[in-house]
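Here, each number is a calculation from the coordinates, and none is a lab measurement. Remember, predicted model here, so these are calculated numbers, not experimental data. Virtual Cβ from ideal backbone geometry, glycine too; neighbours counted across all protein chains shown.
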Amino acid sequence: MERVFRYKNVELSSGNSTILCAIVNVTPDSFSDGGLWYGKDLAVNRALELIKDGAKMIDIGGESTRPGSTPVSVNDEIERIVPVIKELKKITDIPISVDTWKVEVAKAAIDAGADIINDITGFLGDPEMAKVVGNSKVGAIVMFNPIIARPNHPGSKIFPSFGGEGIFSEKELLEMETVQIEEVMKLYFEKSLQRAKECGIEKERIMLDPGIGFGLTKRENLCLIKNIELIHKMGYFAFLGVSRKRFICNIIQDAGFEIDPETEDGRQNRDLSSANLTAIASFLGTEVVRVHMIKSHLMASEIGDSIRLAEKMEDINFKSYSKKIEKEPIKVFFICKR
């Protein structure tokens with residue numbers, strides 16, 4: 001089944017190469033790159049560098065949502081991201097997504113030229129968000145937020161609040177504590193998509209994100225990735241953000257690899273293992289993958305896409321490996337006579 005995603009006057013179709021969406025965190029405290037791109041000039045230059053490396057989408061965030069992060073005021077978030085959006089819209093046609101769940105920030109971002117709103121609450125955190133998106137022509141990334149779905153789960157309690165109080169009844173909350181995580185995701189998306197429909201957001205303007213890393217156990221993260229096809233069966237583009245997340249670090253650490261970000265090996269291992277997951281996601285047909293680095297993920301997605309699209313690949317025969325004949329160095333002996 002072919003799926004489409006539309007923002008403004010642009011329409012994308014499924015079944016093509018995976019789109020790499022590069023992260024630009026205009027924050028001092030994001031979990032892996034806080035402070036590196038904090039400020040308009042740094043953020044814009046970083047975005048342009050990522051585009052040059054092969055990014056086909058930029059996701060700009062002005063508030064960290066990592067466990068233990070400090071909430072940011074609406075005005076501060078707007079002041080961080082709007083100048084970056086405006087500057088990038090002057091110099092590139094690459095679609096700009098804005099990572100926010102606050103309606104005032106979304107309004108400001110849309111007015112500044114943003115193409116997509118990436119709402120980590122899936123329209124359930126702020127009851128006005130779907131209306132704002134519905135009254136525009138931008139696209140939306142609707143994320144399953146396990147923290148809203150399971151507020152009493154141990155994994156949820158270390159995260160800041162993302163709103164959504166009263167969305168689910170006590171009976172629904174209890175049910176979501178007892179069923180498999182794939183079922184929780186589907187129940188959550190039912191609420192999100194119903195709100196989107198009520199606010200006039202066409203299906204084609206929505207991507208779905210399984211919410212990897214948000215209050216999920218190691219097994220739950222892996223099961224949602226393994227079953228990304230559930231989103232495709234619902235008829236939507238899949239948007240996946242896994243880069244440098246804790247469950248990946250846990251996997252490679254348990255296997256004996258260095259993960260300390262203060263060391264060169266640790267940094268490289270985090271990105272290499274994240275890129276490995278991008279290869280798998282591409283093979284599974286994930287339309288968009290959100291990443292910190294582009295070059296390694298681009299190589300990984302090329303491999304995953306090539307296997308998935310094998311029938312479309314050029315059917316060529318390869319020559320045998322050339323054998324380089326190493327000549328023995330000429331040895332010269334000198335005989336000395338007395």
Exercise. Taking a cut-off of 26 Å between Cα atoms, list the lysines near K197, but don't count ones fewer than 8 places away on the same chain.
Key: K8, K102, K107, K131, K137, K171, K186, K233
Exercise. Mind giving me the nanometre distance, one decimal, between the label points for E104 and K89, set 7 Å out from Cα along Cα→Cβ?
Key: 2.0 nm
Quiz item: Considering only DSSP states other than H, G, I, E and B, which GluC sites (Glu not before Pro) in region 192-272 qualify as loop sites with at most 12 other Cβ atoms within 10 Å?
Solution: E202, E262
Quiz item: For region 132-283, what is the Kirkwood hydrodynamic radius in Å, using each pair of distinct C-alpha atoms?
Solution: 16.8 Å
Quiz prompt | Which of V10, G134, C249, positive extreme of dipole for region 4-312 (C-beta unit charges) | solution = V10
Quiz item: What span do the alpha-carbon atoms of region 40-194 cover on each of the three principal axes, reported in whole Å from largest to smallest?
Solution: 50, 32, 31
Practice problem: Write out the GluC sites (Glu not before Pro) in region 51-144 meeting two conditions: DSSP loop, and at most 15 other Cβ atoms within 10 Å of their Cβ. | Solution: E128
Quiz item: Between N250 and E204, what length comes free when the chain is fully extended (0.36 nm per residue of separation minus the Cα-Cα distance, one decimal in nm)?
Solution: 13.0 nm
Quiz prompt | Among D315, D119, D265, residue whose mean-square fluctuation peaks in a GNM of the chain (springs only between Cα atoms under 10 Å) | solution = D315
